[in-house]
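Each remark here refers to the structure printed beneath this line.
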Amino acid sequence: ITNVYHVLFDDSQISPSAPERSQDVLLRVTNYVGASDSLIINDQITVSRKLLLDADRITIATNEPDAESVAGGIAITAPGIIWVNSAPRVQFFTNNGTFSAVNTVFFGGLANSPYDPVGTRPYQVFENTGTITNFSSQIQANLFENIGGSVVSYGGNLTLESQTAILTNGYFLATNNSVSITADALQVSNEVVQAGGSLNIQATT
């Protein structure tokens, strides 16, 4: 018996490729004890169940102009993925691409044993020239720089605590809630700082 099927696609928009999606992403960088280790992400990572980035320096990098993606990215699509658990050792965070999450993200602050016996500490450096979007953000960093980038909390508060904070030529937005900036030294130039609720700035210098 021979079966013949004829299928006609009229004005089809079928793509030969699709963006990558992963349930679990586990990336570990190893180096000798006491040395710094660096994880550089050039791909777009979309994760839906479990994420572990085990390095003390995490960089979301840009790519060559002719690359399929102009920059790397991390997209967290599950509310059960907690950033402080997913990046337990990070102390230097650089985003030149995209970072998004459906939940609240704590950059710095609480850290978990056995990765960090100190328990609570800010990032050493937080640099953003790309796009960070999530429900709410709390950022703790000794040095914070948002230079030409955007940090957007679309649901909850946007909170920054830093020794030195530099915000220039970018966006710092909490569209539906409060923005709070606390810094020993604060420099704001050509930056859009917008709060859907209260705007609180405490700066010594």
Taking all protein chains as present, what is the carbon and sulfur share of the accessible area of the chain, in % to the nearest whole number, probe 1.4 Å? 51
Nitroxide proxy distance, nm - points 7 Å out along Cα→Cβ at Glu64 and Leu8: 4.4
Relative counts (whole %) of C-alpha pair distances in the chain, using bins that are 5 Å wide: 2, 7, 13, 19, 18, 14, 10, 6, 3, 2, 2, 2, 1, 1, 0, 0, 0
Calculate for the chain the 222 nm mean residue ellipticity that helices alone would give, adding -39,500 (n - 2.57) per DSSP H run of length 4 or more and normalising by residue count, nearest 500 deg cm²/dmol. -500 deg cm²/dmol
Rounded to the nearest 0.05, what FRET efficiency do Ser36 and Ala185 have when you use their Cβ-Cβ distance and R0 = 22 Å? 0.30
Could you give the accessible area per residue of the chain, probe 1.4 Å, as a whole number in Å²? 55
Selected from Ala67, Ala55, Ala165 as most flexible by GNM, with the chain as the system and alpha-carbon contacts under 10 Å: Ala67
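The values are calculated or read from the model by the stated rules, or taken from the named source; none is laboratory data. Since the model is a prediction, treat every value here as computed from it, not as a measurement. As a convention, Cβ positions derive from the backbone with ideal geometry for all residues, glycine included, and neighbour counts pool all protein chains shown. Just so you know, the surface numbers come from the protein's heavy atoms only, side chains and all, with ligands and any DNA or RNA stripped out. Shrake-Rupley method; radii C 1.70, N 1.55, O 1.52, S 1.80 Å.
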